[in-house]
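Okay, structure first, notes after.
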Amino acid sequence: MGFWKSLFTGTDGSASRAGAGSLEVLDSRFVEFLPYQGENGSRLYFSTDRNIDLYELEELCDAVGWSRRPLRKVRKAIQHSFLVVSLWEQKGNRRRLIGFSRATSDHAFNATIWDVVVNPSFQGKGLGKSLMKYMIKKLRGEDISNITLFADPHVVEFYQGLGFMVDPEGIKGMFWYPD
């Protein structure tokens, strides 16, 4: 049990909920504020800092009805992603995770966007679109020219509105799953 516990705790044995609920000094290398405010005068910002509270991310995914995934695998996926973008709401000195996305890449030509999620109470306000545009801007800034994603049928129209095409040029994706 000690090994597994160490994956989810800091070196002092406390749970690794870095910055959970409180706002630490924001590092400008990782943070970009959105040009508008949230409700009640809150500020919204994107972060590319990978130090995300996995329990807070799990709560966000639960809020949209995603099935749970083992936290050790989520941590590994984040660590091995090319780009991780989180969306935060800041009220005074408290913050909360309201959006998330990540991308994998070959670091030269291709990237695939995964795990796009926005808290339901913040949906319909253009934040999902802003999150995706920020992801694309960051990927294009790394000279990635081919950006793909997988979309559930009920969100295909959302991604088409951002310029994504369903099955362009008749290319068919193929998948392999274990038995």
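Readers should treat all values here as calculations from the given coordinates under stated rules, not as data from a laboratory. These numbers were taken from a predicted model, which means no experiment stands behind them. Note that each Cβ is placed from the backbone with ideal geometry, even for glycine, and that neighbours are counted across all protein chains shown.
Miscellaneous remarks
- For segment 145-166 versus segment 76-126, the inter-centroid distance based on Cα atoms is 16 Å.
- Assigned charges on the beta-carbon of Lys, Arg, Asp, Glu; segment 22-160 dipole about Cα centre (debye): 120
- Overall form of segment 106-179 per C-alpha gyration tensor (a/c, 1.5; a/b vs b/c): oblate
- Taken one residue at a time, the phi angles of segment 127-138 give Karplus couplings (6.51, -1.76, 1.60, θ = phi - 60°) of 6, x, 5, 5, 4, 5, 5, 5, 4, 4, 4, 5 Hz. Gly and Pro are set to x.
- By the count of neighbouring beta-carbon atoms within 10 Å, fewest first, GLU56, GLU32 end up ordered GLU32, GLU56.
- In terms of its alpha-carbon gyration tensor, segment 22-160 comes out rounded; the largest-to-smallest axis ratio a/c stays below the 1.5 threshold.
- Taking other Cβ atoms within 10 Å as a rough exposure proxy, ASP152, ASP49, ASP143 sort from fewest to most as ASP152, ASP143, ASP49.
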